[in-house]
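The values are calculated or read from the model by the stated rules, or taken from the named source; none is laboratory data. This one's a predicted model, so the numbers in the text were calculated from it and none came from an experiment. Cβ atoms come from the backbone with ideal geometry, glycine included; neighbour counts cover every protein chain shown. Accessible surface areas use protein heavy atoms only, side chains included; no ligands, DNA or RNA. Shrake-Rupley method; radii C 1.70, N 1.55, O 1.52, S 1.80 Å.
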Amino acid sequence: MLVEDVMKCSFPNWYTRFEKVTIKSEIIPLPKPVLEYLLEDGQLVLPVECNKENYDGIEEDYDDFGDTDWTDSGGQTSTAVAESSTTVAESSTISAEDSELSQKSFPEFSTEVKSALDRFNGQMFCKLNWSSPKDATWIGFNNSLKVGSLSQLYLLLKSSDFITNDLTLPFKFCEDKENASERVDYALVLRKWVDVNPGTEYRCFVVNKELKAISQRDDASFYDHIPKQQASIKQDIFSFFHEHIQHRFACTNYAFDVIRSRKDRVILVDFNPFGETTESLFFTWEELRDEAREFEFRFATDSSGVQPSPYRHYSLPRDFVDLSTGSDPAKLIDFLNLRTQNEESDSD
């Protein structure tokens, strides 16, 4: 895998050419201050433009609290209450000013994002040049990547390791990364939200411009319709590849993702570099690099063949993941010993 191959899979570099066969999208260049904000460590502080989203109340909202009598029994305003109110007000003003100072502000960029959100009817999907924040669904509304506000977008982008990798290590697995002179023009990609059944998503692998492998995209689940429809799924994807992709995409070796929602209906989702930066799913990269291999379509044939979700450890303490998978025998032994001790104590 070469740097130029990775660059060809960058969304802004292919979208215009394949616009008619993929999901409607908008591309917004990422200004340097936004890039720096996304890479900042420390507390997650949303930009100033998100404040109005968090509370957009008006004076009438306080009517339910009723009238308050601030006078003492003699009909005079209590000095203590007045002084206390002044102190609280001054303190609140100082806190608000400090908060404003600690927040970043990207007015033009945020306005562009909100305008796109309006054009997408308040529902959209976000990603950068290569990756989406799919490892940050734990912080999304209903564990989803659906973006319905500016705050949700910033939260997803700031909480994702995949986004950070896009910005810092886009050429990590490239053979020529040491001599890479490519300058990445980073962009925020906003796509029309589409509700997709994960069982209709497939990853396709191309070697020497020939489609050599198709894998079920969601390798953590079994879908009974795939074994039943495998012949027509394969035929539809092959037809789509020959008609729209094979002689139009610039790379020789690459992967691409599609949605095949029904017979004769295939939609392009994304292009991916041919190498370890891309998940190989039901295949290994050693298998995929074997040019002598015949075409193969792999999928889960029953529920016993599925794997745990690869993103589970992004939302759970690492120790829990190690215990559940048995990947750290020492932790498992400690856990069993602790359980035995507890059982012995209970029996006493």
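Using a 7 Å offset from the Cα along the Cα-to-Cβ direction at both R248 and I27, what is the distance between the two label points in nm, to one decimal?
Distance between the two pseudo-spin positions: 1.5 nm.
Accessible area of W138, 1.4 Å probe, to the nearest 10 Å²?
Looks like 120 Å² after rounding.
Considering amide H positions built from the backbone, and no H for Pro or chain starts, which residues 5 or more places from C9, or on another chain, come under 5 Å of its amide H?
none
Cross-link list K24/K127; K8/K114; K104/K158; K8/K209; K24/K212: which exceed 24 angstrom alpha carbon to alpha carbon?
As for pairs spanning more than 24 Å Cα to Cα, those are K8/K114; K24/K212.
Under 12 Å from a point 7 Å along the Cα-to-Cβ line of E291: which residues of the range 173-214 have their amide N that close?
Correct set: 207-210.
Can you sort E26, E112 by 1.4 Å-probe accessible area, starting with the largest?
E112, E26
Could you calculate the FRET efficiency of R262 with T111 from 1/(1 + (r/R0)^6), where r is the beta carbon distance between them and R0 is 35 Å, rounded to 0.05?
After rounding to 0.05, the efficiency reads 0.35.
For Q230 and D118 in one chain, what is 0.36 nm times their gap in residues minus the Cα-Cα distance, to one decimal in nm?
Gain in length upon complete extension: 36.4 nm.
As a test of understanding, state the convex hull volume per residue of the range 128-236 from its alpha carbons, in Å³.
Output value, Cα hull per residue: 158 Å³.
Nearest 20 debye, what's the magnitude of the dipole of the range 139-235 about its Cα centre given +1 on Lys and Arg Cβ and -1 on Asp and Glu Cβ?
Charge dipole, the range 139-235, about its Cα centre: 300 debye, nearest 20.
If you take the charge dipole of the range 97-197 about its Cα centre, with +1 on Lys and Arg Cβ and -1 on Asp and Glu Cβ, which of Q152, M124, F162 is farthest toward its positive end?
M124
Report M7's accessible area, 1.4 Å probe, all protein chains in place, as a number in Å² to the nearest 10.
Surface open to solvent at M7 totals about 30 Å².
Assuming a ≥ b ≥ c are the square roots of the Cα gyration tensor eigenvalues, decide whether the range 1-54 counts as rounded (a/c under 1.5), prolate (otherwise, with a/b larger than b/c) or oblate.
Oblate, because a/c is 1.5 or more while a/b does not exceed b/c.
For the range 197-307, just say rounded, prolate or oblate: build the C-alpha gyration tensor, square-root its eigenvalues into a ≥ b ≥ c, call rounded for a/c under 1.5, and beyond that prolate if a/b exceeds b/c, oblate if not.
Oblate, because a/c is 1.5 or more while a/b does not exceed b/c.
So what does Y15 come to for accessible area, using a 1.4 Å probe and Å² rounded to 10?
Using a 1.4 Å probe on the heavy atoms, I get roughly 20 Å².
From the Cα gyration tensor of the range 127-191, with a ≥ b ≥ c the square roots of its eigenvalues, which class applies: rounded if a/c is under 1.5, or else prolate if a/b is larger than b/c, or else oblate?
Prolate is the answer for the range 127-191, as a/c is 1.5 or above and a/b outweighs b/c.
If I stretch the segment between F141 and E19 completely, what's the gain in nm (0.36 nm per residue apart, minus their alpha carbon distance), one decimal?
Length gained between F141 and E19: 41.1 nm.
I27: net charge of surrounding residues, Cβ under 12 Å, Lys/Arg +1, Asp/Glu -1, itself excluded?
Overall, the nearby charge balance is -1.
So if we plug the beta-carbon distance of L44 and E210 into 1/(1 + (r/R0)^6) with R0 = 56 Å, what FRET efficiency do we get, rounded to 0.05?
0.80
Where does each of D218, D290, D257 land when they are ordered by accessible area, with a 1.4 Å probe and the largest first?
Sorted descending by solvent-accessible area, the residues read D290, D218, D257.
Where does each of T22, T168 land when they are ordered by accessible area, with a 1.4 Å probe and the largest first?
Ranking T22, T168 by accessible area, largest first, yields T168, T22.
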